[in-house]
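Inspection log for the structure reproduced underneath, given as structure tokens.
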Amino acid sequence: MTYEKQIELLTELKRFQFLKDCKEPFTVSEIQELIEVVFKRRLETINYLHTSYGIKHLLERVSHVVCGGYKYCSEGSLQEAFKLSGFRTIKKGTRELYNISERELRELNRLK
């Protein structure tokens, strides 16, 4: 991801007021809003490299980058938000896998 792309994504994320309040956990609707911004592509294939548990931690890290504190994200809320957003899911024990782009995950993971 280029520096300009990182700035563009950070600017888009900073418009979310709920990311500035790290004391309250993510709600399902807040997670849905984030999903629409960071996972714009719905692939035909499932990404087997990242489970709902890892994505939950990634969103908590994004909140840290934006507001300086960690906003808690429950895995159940994340799973519900992905379903409501229209993503395909596959169960892997208590975790879920989604049809999300590896590139978009990497870009999100590179935010600092």
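The values are calculated or read from the model by the stated rules, or taken from the named source; none is laboratory data. These figures come from a predicted structure and were not determined experimentally. Backbone-built Cβ (ideal geometry, glycine too); neighbour counts: all protein chains shown.
Hey, can you tell me all the residues within the stretch 93-104 that are without any contact (Cβ under 8 Å) to a residue 60 or more places away in the chain and either buried (at least 16 other Cβ atoms within 10 Å of the Cβ) or touching a helix residue (DSSP H, G or I) at 6+ places or on another chain (Cβ under 9 Å) (or both)? Answer for the stretch 93-104, where residues must be without any contact (Cβ under 8 Å) to a residue 60 or more places away in the chain and either buried (at least 16 other Cβ atoms within 10 Å of the Cβ) or touching a helix residue (DSSP H, G or I) at 6+ places or on another chain (Cβ under 9 Å) (or both): THR94, ARG95, GLU96, LEU97, TYR98, ASN99. Which of the residues belonging to the stretch 72-90 are farther than 15 Å from GLU33 by Cα and either in a helix (DSSP H, G or I) or of a type in the set (D, E, K, R) (or both)? Correct list: GLU75, GLY76, ARG88. Considering only residues that are part of a helix (DSSP H, G or I) and within 17 Å of VAL65 (Cα to Cα), look in the stretch 14-32 and name the one that is modelled with the lowest pLDDT. Result: LYS20. Whether a residue is over 26 Å from THR2 (Cα atoms), touching a helix residue (DSSP H, G or I) at 6+ places or on another chain (Cβ under 7 Å) and either of a type in the set (D, E, K, R) or surrounded by 17 or more Cβ atoms within 10 Å (Cβ to Cβ) (or both) was assessed, and CYS67 does not pass this test.
Yes/no matrix, rows are residues, columns are (1) among the β-branched types (Val, Ile, Thr); (2) closer than 23 Å to ARG110 by Cβ; (3) loosely packed, with under 14 Cβ neighbours inside 10 Å:
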| site | (1), (2), (3) |
| --- | --- |
| GLU4 | no, yes, yes |
| THR11 | yes, yes, yes |
| THR27 | yes, no, no |
| LYS40 | no, yes, yes |
| THR45 | yes, yes, yes |
| TYR48 | no, yes, yes |
| SER63 | no, yes, no |
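For LEU58, the requirement of being assigned to a strand (DSSP E or B) and surrounded by 13 or more Cβ atoms within 10 Å (Cβ to Cβ) is not met. Hey, could you check the stretch 70-92 for residues that are of a type in the set (D, E, K, R) and closer than 13 Å to ILE31 by Cβ and say which is surrounded by the most Cβ atoms within 10 Å (Cβ to Cβ)? Applying the filter and picking the extreme gives LYS71.
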